[in-house]
Amino acid sequence: MAILTDLRDPRVEHVTVTYVEVSNDLRHAKVHVSVMGDENKQSLCIHGLNHAKGFLQRKVGNRVDMRYTPQLKFMLDKGVKHSIEVEQMLSDLLPAQPEDDAIDESSLEPKSESESQESIGLD
């Protein structure tokens, strides 16, 4: 939350922390962030986060009661970008389904017991 509220760096905006990997000895933490924008904005944001690393480590140290405060390393998470690229590839490969071929929703409604018996020949 300190990234959003306490940092005043104009390079750090539109940032989401996606996940954090912590080493077994709890001395190092890789903070994976997703940044909206082009590659230039993403690299500027990562640079701004790394510049504010000491400030953010102090914030973590104040909130967590541990012998050592983990050293933070910010990394760009490209998972969202990759998922958009995969979706684009799939939409290019798979033909678009016209609305006429869409499944008729009335065929998905449950039938009454008498209609079920009639359809299988039990009158």
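Each value in this text was obtained by applying a stated rule to the coordinates, not by laboratory testing. Remember, predicted model here, so these are calculated numbers, not experimental data. Note: ideal-geometry Cβ built from the backbone for every residue, glycine included; neighbour counts use all protein chains shown.
Worth a mention:
- Given their separation in residues at 0.36 nm each and the Cα-Cα distance between them, residue 30 and residue 81 gain 16.4 nm when the chain is fully extended.
- Formal net charge of residues neighbouring residue 6 (Cβ-Cβ distance under 13 Å; K, R +1; D, E -1): +3
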